[in-house]
Amino acid sequence: MKIISSIDDLRDQLRGQLRTAFVPTMGNLHDGHLSLMRLAKKHGDPIVASIFVNRLQFGPNEDFDKYPRTFAADVEKLEKEGVYVLFAPTEKDLYPEQQEFRVQPPENLGNTLEGEFRPGFFTGVTTVVLKLFSCVQPSVSVFGKKDYQQLMIVRNMCRQFALPTEIIAAETFRADDGLALSSRNMYLSPQERAEAPRLAQVLNAVAAEVRAGHLDVSMLEQKAMTELAAHGWQPDYISIRRRADLQPPSAGDLHRGELLVVLAAARLGVTRLIDNLEI
């Protein structure tokens, strides 16, 4: 595996490749990330991964400096997965001057759910993804469904900018007890880790209610948030949305059987976890 930090060197290395598959990450890789690499192999060749902790998507009170950085272990894992190139730019490599041009997602998609609780987050995400796509010029790129809103925003960005990159969605990778794998899970204490699967359990309960024909969305959302709060969580949101655009479903949508997704974000101790489940 070649480890490259320079944009020019990366482009030289990939020149002439017609089916590059790309998996962007912020490092601290776990089995969920590695499952994205394996899916990428089914859709392209060579496989390029990136590791870059993107300052632009961190709020002023978030954990940029504390975000776990495990580069040596990450390299070992990527080599075992047969990744061809690891693009690991420094901030100076990727942002040699202040990044004054930004990608602004539409308000109805970028300022709801995660965007409401993390202002500016998706502007940071879309800006770095667009820049990484410019560097790698992939034919396909793999994103996980765990970050459902991010997946939708990136996919819509590619479509509206006519980018020649197909976005492949990977199913959420879960531990045996149902907890969605996340780099932030390492912040959980042993007691919190034992409690953490409740988030997925609550989402499954909401989905079961909807499938059973219980369509009082507000009641289901509030019941789920109350369940989490009763066990020491601080929920930001549990929200049933249309899969198509992440807008709240109308009564007509519900009765027509519109495809839905229930999304959640909640703090357990100091750790903020997100998850979702398609209905």
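The values are calculated or read from the model by the stated rules, or taken from the named source; none is laboratory data. Source: prediction; values computed, not measured. No Cβ is skipped: glycine too gets one built from the backbone with ideal geometry, and neighbour counts run over all protein chains shown. These accessible areas exclude ligands, DNA and RNA; they are computed on the full protein's heavy atoms, side chains included. Shrake-Rupley method; radii C 1.70, N 1.55, O 1.52, S 1.80 Å.
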For residues in the range 102-114 being without any contact (Cβ under 8 Å) to a residue 60 or more places away in the chain and under 14 Å from Asp245 (Cβ atoms), which is nearest to the chain's Cα centre (by Cα)? Gly110
Qualifying residues in the range 188-222 (those that are open to solvent by 70 Å² or more (accessible area, probe 1.4 Å) and basic (Lys, Arg)) - the one farthest from Gly178 (Cα to Cα): Arg211
Find all pairs meeting these conditions: Cβ atoms under 6 angstrom apart; at least six residues apart or on different chains; first residue within the range 219-233 and small (Gly, Ala, Ser) and at pLDDT 95 or above; second residue part of a helix (DSSP H, G or I) and open to solvent by less than 50 Å² (accessible area, probe 1.4 Å). Ala224/Val202; Ala224/Val206
Qualifying positions in the range 122-180 - over 11 Å from the mean Cα position of the chain (by Cα), open to solvent by 20 Å² or more (accessible area, probe 1.4 Å) and of a type in the set (A, V, I, L, M): Leu130, Ala162, Leu163, Ala175
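Report yes if Ala169 is at pLDDT 95 or above and in contact with a Phe, Trp or Tyr (Cβ under 8 Å, 6 or more places away or on another chain), otherwise no. Before the answer, list the steps.
Details: at pLDDT 95 or above: yes; in contact with a Phe, Trp or Tyr (Cβ under 8 Å, 6 or more places away or on another chain): yes.
So Ala169 fits the description; yes.
Going by the structure shown, is Met225 in contact with a Pro (Cβ under 6 Å, 6 or more places away or on another chain), open to solvent by 40 Å² or more (accessible area, probe 1.4 Å) and outside any strand (DSSP E or B)?
Numbers: in contact with a Pro (Cβ under 6 Å, 6 or more places away or on another chain): yes; open to solvent by 40 Å² or more (accessible area, probe 1.4 Å): yes; outside any strand (DSSP E or B): yes.
Answer is yes for this residue.
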Filter result for Ala175 (under 22 Å from Gly32 (Cβ atoms) and in contact (Cβ under 8 Å) with a residue 60 or more places away in the chain): no
Go through (1) touching a Pro at 6+ places or on another chain (Cβ under 9 Å); (2) without any contact (Cβ under 8 Å) to a residue 60 or more places away in the chain one by one and return the number of the condition Val83 breaks. (2)
Enumerated helices (runs of 4 or more DSSP H) restricted to the range 9-114, each holding at least 1 residues that are under 26 Å from Ala265 (Cα atoms) and open to solvent by 40 Å² or more (accessible area, probe 1.4 Å): 31-41, 107-110
Of all residues making up the range 115-139, the number that are part of a loop (DSSP other than H, G, I, E, B) and closer than 17 Å to Ala265 by Cβ: 3
